[in-house]
Amino acid sequence: MKKVLLLLLLCGVVLAAKAQNINSSYNKALADSLGADEYGMKPYIFVILKTGPTKIEDKAKLDSIFRGHLNNINRLANNGQLVVAGPMKKNDKTYRGIFIFNVKTPEEAKPLLSSDPAVASGVLDYEIFQWYGSAALPMYLKYSDKIEKTKH
């Protein structure tokens, strides 16, 4: 009888511990729409942009390339393919910025990178990494426009 009670007590403790791991705020429809796994995570492609091999001295041409770079960032973000982009402060590794693409493989990211005039011209180069992060990451974009006082 003691063994049965002990077993029941142990089962109760295990079930209670398991129940504590369930998130009461979980929204299955939202998780599914974002492609989240059971941990609320998903794969992305993380890109470090770095100084490329091409040096352009013509300021007007360089300005045009970087205007195209910013336009491309906005286009990819509006399409839901790019969830994070931003420059880095000056550093000794020649890293210039980052992209986080809402795609699963480097093969899917490469055409997105080659659509960028700064990459296509060789002014920027890149390193690609697979990354596992919050599936909610793309949700911040809908708030970005509300806090951006000056458009770039």
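What to note about this one:
- Here each label is just a point 7 Å from Cα along the line to Cβ, and for Glu127 and Ser24 those points are 4.5 nm apart.
- Estimated purely from DSSP H runs of n ≥ 4, each contributing -39500 (n - 2.57), the mean residue ellipticity at 222 nm for the chain is -13000 deg cm²/dmol once divided by its residues.
- Helix 2-20 axis versus longest C-alpha principal axis of the chain: approximately 30°, rounded to the nearest ten.
- Among Ser33, Ser121, Ser134, residue whose mean-square fluctuation peaks in a GNM of the chain (springs only between Cα atoms under 10 Å): Ser33
- Histogram of C-alpha separations across the range 93-152, 10 Å bin width, %: 16, 40, 39, 5
- Helix 59-78 axis, angle to the chain major axis (alpha carbon atoms, nearest 10°): 30
- Among Leu62, Leu112, Leu82: highest mean-square fluctuation, GNM of the chain, C-alpha pairs under 10 Å: Leu62
- Measure of compaction for the chain (Cα Rg per 2.2 N^0.38 Å): 1.53
- Within a Gaussian network of the chain (alpha carbon springs, distance under 10 Å), most fluctuating of Lys42, Lys142, Lys110: Lys142
- Here the extension length gained between Ser114 and Lys89 equals 6.6 nm, from 0.36 nm per residue of separation less the Cα-Cα distance.
Read-outs throughout are calculated quantities, based only on the coordinates presented, and are distinct from any laboratory measurement. On a predicted model such as this, the values are computed, not experimentally measured, just so you know. Because the Cβ atoms are built from the backbone with ideal geometry, glycine has one as well, and the counts that use them run over all protein chains shown.
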